[in-house]
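Enquirer: Questions regarding the structure given below will be posed in turn.
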Amino acid sequence: MGKFWSLLFLAVPILGVASFAAAPFYGIWLPEDISEHGYAVDHLYYFILWLTAAVFVSTEVALFWFLWKYDADRNPDATQYVHGNHRLEVVWTLLPSAVLLFISIYQIKTWAEVKMDPPDMTPTVEVIARQFEWRLRYPYTKPKQGSWKEGDPYQYGPDDVYVVNDLHIPLDEMVLIDLKSADVLHSFFLPHMRIKQDAVPGSKIPVWFRAKKTGVYDLVCAELCGWGHYKMKGRLTVQTRKEFDIWLKKMQKEQEATK
Ligand code: CUA
């Protein structure tokens, strides 16, 4: 009977690893990366994935081997339990600590590149998360008054363009977002852009990135924020600067017409 349980136990990690390995062939893997910094995030992801995979596989093999070897059928003598082994305790405390320390040091450069130093520029758009939608505000001035405002990056005016859930950004330009929350914790998640940032009530958090491919992508909330969390999704449209300007003007005209 012990063999049956050993093999059943072994089947779990084998099926787990197999489904993991098969996932990319069924298109259920990381979405396409369309951001400038995405390669660095993906590299970290794969690095940690392989590291944990190695630990997982070796642990499971050892576990199976112990189950198999010390099966009661083949070991009729009563088991002698050992209570504590200081040397082992020290080893299996220090080893994971060293690995975690290594990971935390290893990722510093990427973190610094991607999250530490917001660009000094006018925000492209203000994003206010609320239950359960994304409210967007594009700072806008009429062309005759000068185009996009330079200088004070947080000057918003009466001609701002308001949009809900439909985030548009220009291709191949640095995009800076003012991220806020109107109520509870949300998480601004652009999976194709490798961007995920909590929106925290009372805080204004800068989010920046550069898109490398036009198209329509997902914008979702990645923080359980209430009963409607599941439907808190929008769209990210990456378009050329020309198309973006046309879209923004169109939105502004529509908005003016309803005033
Ligand atoms: Cu907002 Cu989940």
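No lab work stands behind these numbers, since they all come straight from the coordinates. Predicted, not measured: the structure shown is a model, and the values here were computed from it. Glycine also receives a Cβ, built like all others from the backbone with ideal geometry; neighbour counts cover every protein chain displayed.
Enquirer: Name the residue, out of 76, 13, 191, whose mean-square fluctuation peaks in a Gaussian network model built on the chain with Cα pairs under 10 Å.
Expert: Top of the fluctuation ranking is 76.
Enquirer: Suppose R0 equals 45 Å. What FRET efficiency, 1/(1 + (r/R0)^6) with r the Cβ-Cβ distance, do residue 198 and residue 78 give to the nearest 0.05?
Expert: The calculated FRET efficiency here is 0.25.
Enquirer: Would you compute the Debye intensity of the chain from its alpha-carbon atoms alone, equal scatterers and no solvent, and pass along log10 I(q)/I(0) at q = 0.13, 0.14, 0.16 Å⁻¹ to two decimals?
Expert: For the chain at q = 0.13, 0.14, 0.16 Å⁻¹, log10 I(q)/I(0) is -0.95, -1.05, -1.26.
Enquirer: Continuing with the same structure: Top mean-square fluctuation among 59, 214, 240, Gaussian network model of the chain, C-alpha springs under 10 Å?
Expert: Looking only at 59, 214, 240, the biggest GNM fluctuation is shown by 59.
Enquirer: Between residue 103 and residue 184, what is the FRET efficiency for a Förster distance of 22 Å, r being their Cβ-Cβ separation, to the nearest 0.05? Mind showing how you got there, number by number?
Expert: Details: r = 30 Å, r/R0 = 1.38.
After rounding to 0.05, the efficiency reads 0.10.
Enquirer: So what J values fall out for segment 4-17 if you push phi through Karplus, 6.51 cos²θ - 1.76 cosθ + 1.60 with θ = phi - 60°, rounded to Hz, Gly and Pro as x?
Expert: Ordered by residue, 3J(HN,Hα) equals 4, 5, 4, 5, 4, 4, 5, 5, 4, x, 5, 5, x, 5 Hz.
Enquirer: Treating cross-link reach as a plain straight distance, find the lysines whose alpha-carbon is under 17 Å from the alpha-carbon of residue 196, omitting any fewer than eight places away in the same chain.
Expert: Excluding near neighbours in sequence, the set is 115, 180, 204, 233.
Enquirer: State whether segment 1-57 is rounded, prolate or oblate according to the following rule on the C-alpha gyration tensor (a ≥ b ≥ c being the square roots of its eigenvalues): a/c under 1.5 gives rounded; otherwise a/b larger than b/c gives prolate, and the remaining case gives oblate.
Expert: Oblate shape, in that a/c is at least 1.5 and b/c is the bigger or equal ratio.
Enquirer: Quick one: 3J(HN,Hα) in Hz for segment 218-226, Karplus 6.51/-1.76/1.60 with θ = phi - 60°, rounded, Gly and Pro as x.
Expert: 7, 10, 9, 9, 10, 9, 4, 10, x
Enquirer: If amide hydrogens are placed 1.01 Å from N in the peptide plane, which non-local residues have theirs closer than 5 Å to the one on residue 134?
Expert: HN-HN under 5 Å from residue 134: 165.
Enquirer: Using a Förster radius of 51 Å, what is the FRET efficiency between residue 62 and residue 242 based on their Cβ-Cβ separation? Nearest 0.05, please.
Expert: Efficiency for this residue pair is about 0.25.
Enquirer: In whole Hz, what ³J(HN,Hα) sequence does segment 232-237 give by Karplus (6.51, -1.76, 1.60; θ = phi - 60°), x for Gly and Pro?
Expert: 8, 9, x, 10, 10, 10
Enquirer: What is the percent of Cα-Cα separations in segment 25-81 that go past 13 Å?
Expert: 75
Enquirer: Just to be sure I understand the curve: with the Debye formula and one point per C-alpha of segment 4-121, what is log10 I(q)/I(0) at q = 0.15, 0.17, 0.21 Å⁻¹?
Expert: These q points yield log10 I(q)/I(0) values of -0.96, -1.09, -1.26.
Enquirer: On to the next question. Which order results if 128, 195, 48 are arranged by neighbouring Cβ count within 10 Å, fewest first?
Expert: Ordered by Cβ neighbours within 10 Å, fewest first: 48, 128, 195.
Enquirer: Once you've got the GNM for the chain with C-alpha springs shorter than 10 Å, pick whichever of 198, 160, 120 has the biggest mean-square fluctuation.
Expert: Evaluated over the chain, the most mobile residue of the options is 120.
Enquirer: Which loop chymotrypsin sites (Phe, Trp or Tyr not before Pro) in segment 1-39, with loop taken from DSSP, have no more than 11 other Cβ atoms within 10 angstrom of their Cβ?
Expert: 29
Enquirer: In addition: At q = 0.25, 0.28 Å⁻¹, what is the log10 ratio I(q)/I(0) for segment 189-257, with the Debye formula run over Cα points and no solvent?
Expert: So the normalised log intensities are -1.13, -1.18.
Enquirer: Also: Per DSSP H run of at least 4 residues, take -39500 (n - 2.57); add these up for the chain, divide by its residues and hand me the 222 nm value, nearest 500 deg cm²/dmol. Before the final figure, lay out the partial values.
Expert: Numbers: 5 runs with 95 residues, N = 259.
Helix contribution divided over all residues of the chain: -12500 deg cm²/dmol.
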